[in-house]
Amino acid sequence: MFDTLTDSFKNAIAKIRFHDDDKALKNATAELKKSLLKADVHHKVVKELLRVVEADTKKNGIGKEQFMMSLQRELNALLTIHNAPKGFVFASKPPTVVLMIGLQGSGKTTTTGKLAYFLKEQKKKKVMVIAADLQRLAAVEQLRQITAQIDVVLVSDESATPAQIVKQGLLRAQKELYDVVLIDTAGRLAIDKALMDELAEVKKVAQPDELFYVADSMTGQDAIKTAQTFKEKIGITGVVLTKYDGDSKGGIALGLSQQVGVPLRFIGAGEKMPDLEQFIPDRIVSRLMGAGDVQSLAERASAAIDPKEAKRMTQKIKKGQFNFNDFLMQMEQMKKLGNMKSLMSMIPGMSGMAKQLGDLDLENSQEIKMIKAMVNSMTPKERENPELLNNSRKRRIATGAGLGQVQVNRVLKQFDGAAKMAKKLSGKGGMKQMQDMMKQMQGGGGFSGIPR
Ligand SMILES: Nc1nc2c(ncn2[C@@H]2O[C@H](COP(=O)(O)OP(=O)(O)OP(=O)(O)O)[C@@H](O)[C@H]2O)c(=O)[nH]1
Ligand SMILES: [Mg+2]
């Protein structure tokens, strides 16, 4: 997710050796300046960051460690707004009310869904969404589909005004003890008086704890200017940067908080519901320096994997009973983990690998589609008992799935191999094998000299 930026820091650090001189430091900062500007970080932000890092490193004696420490400290300062909240913060008295605002098409509705999903799955909260975008006819329908998909309550009424529907929703949230209420509002092409008046009225009724400005990262520095205007006119407490997956430069995330004077709180990097990440400065800095973010990884995994279910599955695998139904269920669970590329970049030393991985898409990969088609052509008995599959059954399944016999045989062989492998790993000594594998992965590639 932060490929370009991580590479910039990695290359600059590589220019400095253990004991070094002014010239090496100059080289390193010059290189960093060039690449940060290219990544679209604002020039004033770059200048200030490098000025402090250079002075600081000189003071402490030029060397790789000092340079990295100082870079780490200054990046942290750059991304942090003093006394401002980080990630998602709950109000002392529920429900926490969040107003989502921004220009047309910036990603408000999608982000409202992603945020609801994050709060429900990772924070285990009772979440309500209110549809206060009554400008576009399709807007409520879009939100209805999203909330249905993630199983979150939607409050809507096309015949009411935005302020009225917000009032209704909040009353219900009080009565039914909701933890969080997210309010999706209408966008406009540009900032105009009608929009600001509508938002001001909704704000008055909602009395929100948070006002999240949703900004499209593809609009670059314009996103920052608009955020500043929203801050002046309505007031905002945080920014969510969307479509970060389409922004190959990514530098805007670095300067945004200081430029707007409000913290960046979340980053959206994909169109699916799990594709939202909290922006917590020290974790992000760790990733930028190539040291991964194990904490976020663990939080994601714990949201996606139900420990009871995992135990049941392990038992089945141990007994050699892993079948096609289990396989499909595991695939569904994996989807909750979200984008593989961003997951990889959370593992220490693996940020380089994330790039090579590309966009592995579990839902749309040909292989997975083929397996799903096959499983769908099986009878319930066959799904439970893979060993039932003789040649005539295989032929029937191949026809039903629109596949050739060779393809079916290949997939069945793979499945068989995977089940055996899993059984082996789950047995005695299996855990050790796994750990050795992980150790090898951490040892190679990346740079892991950051003191923690
Ligand atoms: N690739 C990618 N697409 C995104 C992301 N966030 C939103 N989108 C897409 O951007 C488009 C607009 O998103 P919406 O959520 O409808 O935007 P909006 O701000 O609600 O738009 P209006 O209600 O018309 O003002 C949709 O096609 C989304 O799928 C993201 O993080 N990555
Ligand atoms: Mg919308």
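The values are calculated or read from the model by the stated rules, or taken from the named source; none is laboratory data. Keep in mind that what you see is a predicted model, and the values were worked out from it rather than measured. With ideal geometry, Cβ positions are generated from the backbone for all residues, glycine too; neighbour counts draw on all protein chains shown.
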Name the residue that is farthest from ligand 1 (Cβ to nearest atom), counting only residues in region 107-148 that are small (Gly, Ala, Ser) and touching a helix residue (DSSP H, G or I) at 6+ places or on another chain (Cβ under 8 Å).
Ala116
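Would you check which residues across region 152-209 are loosely packed, with under 12 Cβ neighbours inside 10 Å, of a type in the set (D, E, K, R) and farther than 19 Å from Phe90 by Cα and list them? Explain how you work it out, then say what you get.
In the first step, residues of region 152-209 are kept if they are loosely packed, with under 12 Cβ neighbours inside 10 Å; the result is 158-159, 171, 175-177, 189-190, 192-194, 197, 204, 207.
Right, trim to of a type in the set (D, E, K, R) and you get 158, 175-176, 192-193, 197, 204.
Glu158, Asp192, Lys193, Asp197, Lys204 - these are the residues of region 152-209 that are loosely packed, with under 12 Cβ neighbours inside 10 Å, of a type in the set (D, E, K, R) and farther than 19 Å from Phe90 by Cα.
Residue under question is Phe118, and the condition is that it be touching a strand residue (DSSP E or B) at 6+ places or on another chain (Cβ under 7 Å), away from ligand 2 (no atom under 15 Å from the Cβ) and part of a helix (DSSP H, G or I); does it hold?
Values: touching a strand residue (DSSP E or B) at 6+ places or on another chain (Cβ under 7 Å): yes; away from ligand 2 (no atom under 15 Å from the Cβ): yes; part of a helix (DSSP H, G or I): yes.
Against the criterion (touching a strand residue (DSSP E or B) at 6+ places or on another chain (Cβ under 7 Å), away from ligand 2 (no atom under 15 Å from the Cβ) and part of a helix (DSSP H, G or I)), Phe118 qualifies.
Residues Ala186, Ala190: which one is within 11 Å of ligand 1 (Cβ to nearest atom), in the same structural domain as Thr226 (by TED's automatic domain parsing) and hydrophobic (A, V, I, L, M, F, W, C)?
Selected residue: Ala186, the only one of Ala186, Ala190 that is within 11 Å of ligand 1 (Cβ to nearest atom), in the same structural domain as Thr226 (by TED's automatic domain parsing) and hydrophobic (A, V, I, L, M, F, W, C).
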Determine which single condition Glu121 fails, assuming it passes every other condition in (1) surrounded by fewer than 21 Cβ atoms within 10 Å (Cβ to Cβ); (2) assigned by TED's automatic domain parsing to the domain that holds Asp275; (3) over 30 Å from Lys193 (Cβ atoms); (4) out of contact with any Pro (no Cβ under 9 Å at 6 or more places or on another chain).
(4)
Restricting to region 175-201, give me the number of residues that are more than 20 Å from Ala139 (Cα to Cα) and within 14 Å of ligand 2 (Cβ to nearest atom).
0
Condition broken by Lys424, with the remaining ones in (1) surrounded by fewer than 15 Cβ atoms within 10 Å (Cβ to Cβ); (2) over 30 Å from Asn11 (Cβ atoms); (3) at pLDDT below 70 satisfied:
(3)
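Looking for whichever is among the charged types (D, E, K, R), within 23 Å of Gln228 (Cα to Cα) and away from ligand 2 (no atom under 14 Å from the Cβ) here; the options are Asp157, Asp209, Asp133. Which one fits?
On the way: Asp157 fails: within 23 Å of Gln228 (Cα to Cα); Asp133 fails: away from ligand 2 (no atom under 14 Å from the Cβ).
The match here is Asp209.
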If you take the residues in region 193-203 that are within 16 Å of ligand 1 (Cβ to nearest atom) and touching a residue at least 40 places away in the same chain (Cβ under 8 Å), which one is nearest to Leu103 (Cα to Cα)?
Leu199
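For region 198-283, which strands (runs of 3 or more DSSP E) that fit wholly inside it have 1 or more residues that are touching a strand residue (DSSP E or B) at 6+ places or on another chain (Cβ under 8 Å) and small (Gly, Ala, Ser)? Reasoning before the result, please.
Values: elements: 210-216, 238-242, 264-268, 276-278.
Ranges flagged: 210-216, 238-242, 264-268.
Listed residues Gln259, Gln207, Gln174, Gln228; which is on the phi > 0 side of the Ramachandran plot, in contact (Cβ under 8 Å) with a residue 12 or more places away in the chain and assigned by TED's automatic domain parsing to the domain that holds Ala139? First the steps, then the outcome.
On the way: Gln259 fails: on the phi > 0 side of the Ramachandran plot; Gln174 fails: on the phi > 0 side of the Ramachandran plot; Gln228 fails: on the phi > 0 side of the Ramachandran plot.
Selected residue: Gln207, the only one of Gln259, Gln207, Gln174, Gln228 that is on the phi > 0 side of the Ramachandran plot, in contact (Cβ under 8 Å) with a residue 12 or more places away in the chain and assigned by TED's automatic domain parsing to the domain that holds Ala139.
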